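Novice: Submitted below is the structure of interest, expressed as structure tokens.
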Amino acid sequence: MKTNGSIFLKSILVSFVLFLNLAVPVYGQALQDSLRRAINDLEYHPDSVELRLRKAAINMELQQWQIAKDEYDIVLRLSPENLTALYFRAYANERLRRYQFARLDYEHVLRIVPGHFEAELGLALLNQKSKRYTEAYDLLSIIISQHPDSAIAYAARAEIEVELQQYEPAEYDYTVALSKEPENQDWLLARANLRIAMKRYSDALDDLDRMVALGTPRSALSEYYRKVLKKTKKRRSK
């Protein structure tokens, strides 16, 4: 387990820190200005991996998925095992619905760094999107066993369990995810909806009230409140 943990830590640092260093936290006109500077710099240094990664990060922020993918293609011709390019090209390919190419990139990352958390999670979510539920579920279960503190892994597995109509396990996984990130309103709403399906209306009402307490306008949840309050009133009247 120590070996797996060290691999996990290394993979997180490699992908996440590199992304933070390369991403450009500016928007609007400033972001366009950064893109123009990156393009100009590349005219003088076309084989610079660092510059191409920087430009690709800007393209990703602008949601220019095809342009970003093309930049990562060039980076990988220059540096075939560049983890940053492989991982983010997989994401760009996924946004372009080139799922098989995304799968190949995630698998390539995992061959270089076994246990890479983001690549495993990306592959699991890709399997879910491709309706390969058994593979997605099994991989997420492995991720959870390796990284039991990962809220997003529990929530991702819950989504699959809902699609498979395995409501009790799904409710458990959402509850674990929320114990780690109590203010995640997407998961609160998902669990509320799930509890409505399970006819656990009082528990669903608790989730809705929690969302309102966190700042969601009650009017935005009116449809859910209508369903829940109608059922709870019927129960009280019996």
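Novice: When you check residue 114 against the structure, is it touching a residue at least 40 places away in the same chain (Cβ under 8 Å) and open to solvent by 20 Å² or more (accessible area, probe 1.4 Å), yes or no?
Specialist: When the stated conditions are applied, residue 114 passes them.
Novice: What pairs come up if the first residue lies in the range 45-73 and is closer than 14 Å to residue 96 by Cβ, the second is surrounded by fewer than 19 Cβ atoms within 10 Å (Cβ to Cβ) and among the β-branched types (Val, Ile, Thr), and their beta carbons are under 7 Å apart, counting only those six or more places apart or on different chains?
Specialist: Short answer, once both residue conditions are applied: 59/67.
Residue-by-condition table, conditions (1) of a type in the set (Gly, Ala, Ser); (2) out of contact with any Asp or Glu (no Cβ under 9 Å at 6 or more places or on another chain); (3) crowded, with 19+ Cβ neighbours inside 10 Å:
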{"position": "64", "(1), (2), (3)": "no, yes, no"}
{"position": "78", "(1), (2), (3)": "no, no, no"}
{"position": "86", "(1), (2), (3)": "no, no, yes"}
{"position": "100", "(1), (2), (3)": "no, yes, no"}
{"position": "109", "(1), (2), (3)": "no, no, yes"}
{"position": "123", "(1), (2), (3)": "no, no, yes"}
{"position": "126", "(1), (2), (3)": "no, no, yes"}
{"position": "131", "(1), (2), (3)": "no, no, no"}
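Novice: Moving to a separate point now. Among (1) surrounded by 19 or more Cβ atoms within 10 Å (Cβ to Cβ); (2) more than 25 Å from residue 226 (Cβ to Cβ); (3) in contact with a Phe, Trp or Tyr (Cβ under 8 Å, 6 or more places away or on another chain), which single condition is residue 153 missing?
Specialist: (3)
Novice: In the range 210-224, what count of residues is obtained for those that are under 25 Å from the mean Cα position of the chain (by Cα) and of a type in the set (Gly, Ala, Ser)?
Specialist: Residues meeting the conditions: 2.
The rows are residues; the columns are (1) out of contact with any Cys (no Cβ under 9 Å at 6 or more places or on another chain); (2) closer than 29 Å to residue 146 by Cβ; (3) among the charged types (D, E, K, R); (4) modelled with pLDDT of 75 or more.
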position	(1), (2), (3), (4)
18	yes, yes, no, no
43	yes, no, yes, yes
57	yes, yes, no, yes
60	yes, yes, no, yes
64	yes, no, no, yes
72	yes, yes, no, yes
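The values are calculated or read from the model by the stated rules, or taken from the named source; none is laboratory data. Keep in mind that this is a model prediction, so the values were computed, not measured. Because the Cβ atoms are built from the backbone with ideal geometry, glycine has one as well, and the counts that use them run over all protein chains shown. Heads up: the accessible areas ignore ligands, DNA and RNA and are worked out on the full protein's heavy atoms, side chains in. Shrake-Rupley method; radii C 1.70, N 1.55, O 1.52, S 1.80 Å.
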